[in-house]
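Down below is the structure, laid out as structure tokens.
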Amino acid sequence: MTSRKLIDLDEKIRLKVKKFIEACNEKGIEIIITCTYRDNEEQELLWQNGFSRLKGGLSKHNIKKNNIPSALACDIVPVIEGKAVWDNEALWNKIKIIANDCGLDDPISWDKGHFEEIKSI
Ligand SMILES: [Zn+2]
């Protein structure tokens with residue numbers, strides 16, 4: 001099971017993601033969420049098929065608190081005219097700056113569009 005709902009994010013990150021999406025929209029960048037919470041079975045399948053380097057249960061998308069989905073990461077992609085845009089680096093750079101302003105970062109180089117909370121120093 002893969003969720004795209006904000007409610008399946010941990011409350012620590014949920015508002016930041018909401019702010020991030022809104023801030024992108026305000027700048028004319030349309031963003032869709034492709035994943036918030038992902039269960040362990042789905043993660044295991046991604047790993048087995050080479051789409052992720054993390055086995056089931058090891059991703060920040062797989063976290064549950066009191067058996068309730070509480071993901072600490074969110075996957076997004078910008079959309080132009082209804083199409084996901086993966087290869088426009090100038091656009092991704094703008095998105096990254098907006099994310100940083102909202103307290104989010106994309107620390108995993110092999111997982112494009114994956115954002116999580118900026119680690120406090
Ligand atoms: Zn991710």
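Bear in mind these aren't lab numbers, they're just calculated from the coordinates by the rules spelled out. None of these values were measured; they are calculated from a predicted model. Note that each Cβ is placed from the backbone with ideal geometry, even for glycine, and that neighbours are counted across all protein chains shown.
Structure values in brief
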{"item": "Restricting segment 86-121 to residues that are among the hydrophobic types (A, V, I, L, M, F, W, C) and within 15 Å of the ligand (Cβ to nearest atom), the residue that is nearest to Ile31 (Cα to Cα)", "result": "Ile95"}
{"item": "Test: residue in segment 66-85 that is within 15 Å of the ligand (Cβ to nearest atom) and without any contact (Cβ under 8 Å) to a residue 40 or more places away in the chain", "result": "no"}
{"item": "Residue among Pro78, Pro69 that is surrounded by 14 or more Cβ atoms within 10 Å (Cβ to Cβ) and in contact with a Cys (Cβ under 9 Å, 6 or more places away or on another chain)", "result": "Pro78"}
{"item": "Selection count where residues are surrounded by 13 or more Cβ atoms within 10 Å (Cβ to Cβ) and within 14 Å of the ligand (Cβ to nearest atom), scope segment 40-54", "result": "6"}
{"item": "The lone exception for Lys12 - which of (1) in contact with a helix residue (DSSP H, G or I) (Cβ under 9 Å, 6 or more places away or on another chain); (2) among the basic types (Lys, Arg); (3) part of a helix (DSSP H, G or I); (4) in contact (Cβ under 8 Å) with a residue 24 or more places away in the chain it fails", "result": "(1)"}
{"item": "Criterion: more than 13 Å from the chain's Cα centre (by Cα) and either in a helix (DSSP H, G or I) or surrounded by 12 or more Cβ atoms within 10 Å (Cβ to Cβ) (or both) - qualifying residue of Gly57, Gly28", "result": "Gly57"}
